[in-house]
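Down below is the structure, laid out as structure tokens.
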């Protein structure tokens, strides 16, 4: 048998098909909260994949800030319903209305540039546009997972839904801008 180092990513606690939430509660790895966290994690990775393609420092800074927001969002989703008050009182970063407004401003800025589009987009004009479109569809999947949580007993603050919806809109516009 292999010896496990004192500090290892391989804790083996998930070998039974469960994973831990933020304050220690164990849930199945296919639990709706874990599905939502996983979708947002994929979105974070997709945004990271777009960064090396960026030449505009303003857009790069926006993407970095969005990735930090996603980490905060995943942290909030990683606590059980019974631990929401504890999480709210914690010093962990949280998505705020200001974060939603920052996305609204970014959307308005891109729309003011008069981007040309008609009907459905056909992704693939270039690598950056494709990267943003990939992130967009992952954002919409994450949004669906987030929206499903209340039906499974996990409340969701309105700011999380608003942030996710605006983020997908922004990514659509960033893809169209990259194509032009």
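Residue 146 meets each of the listed conditions (1) buried (at least 20 other Cβ atoms within 10 Å of the Cβ); (2) in contact (Cβ under 8 Å) with a residue 40 or more places away in the chain; (3) within 23 Å of residue 60 (Cβ to Cβ) apart from (3).
For residue 28, the test of being in contact with a strand residue (DSSP E or B) (Cβ under 8 Å, 6 or more places away or on another chain) and over 22 Å from residue 136 (Cβ atoms) is passed. Among the residues making up region 105-127, those that are touching a residue at least 24 places away in the same chain (Cβ under 8 Å), part of a helix (DSSP H, G or I) and either loosely packed, with under 15 Cβ neighbours inside 10 Å or touching a strand residue (DSSP E or B) at 6+ places or on another chain (Cβ under 6 Å) (or both) are 111, 127. The residues on offer are 72, 49, 61, and the sole one that is closer than 19 Å to residue 143 by Cβ, assigned to a helix (DSSP H, G or I) and modelled with pLDDT of 95 or more is 72. If the condition is being surrounded by fewer than 21 Cβ atoms within 10 Å (Cβ to Cβ), in contact (Cβ under 8 Å) with a residue 60 or more places away in the chain and in a helix (DSSP H, G or I), then region 152-172 contributes 152, 159, 162, 166, 169.
Within region 88-104, if we keep just the residues that are outside any helix (DSSP H, G or I) and free of Cβ contacts under 8 Å to residues at least 12 places away in the same chain, the residue that is surrounded by the most Cβ atoms within 10 Å (Cβ to Cβ) turns out to be 90.
Scanning region 54-80 for residues that are surrounded by 14 or more Cβ atoms within 10 Å (Cβ to Cβ) and either touching a residue at least 40 places away in the same chain (Cβ under 8 Å) or more than 17 Å from the chain's Cα centre (by Cα) (or both) turns up 54, 59, 62, 66, 69, 73, 75, 76, 77, 78, 79, 80.
The values are calculated or read from the model by the stated rules, or taken from the named source; none is laboratory data. It should be emphasised that the depicted structure is a prediction, and the values quoted were computed from it without experimental measurement. Methodologically, a virtual Cβ is constructed for each residue, glycine included, from the backbone with ideal geometry; neighbour enumeration extends over all protein chains shown.
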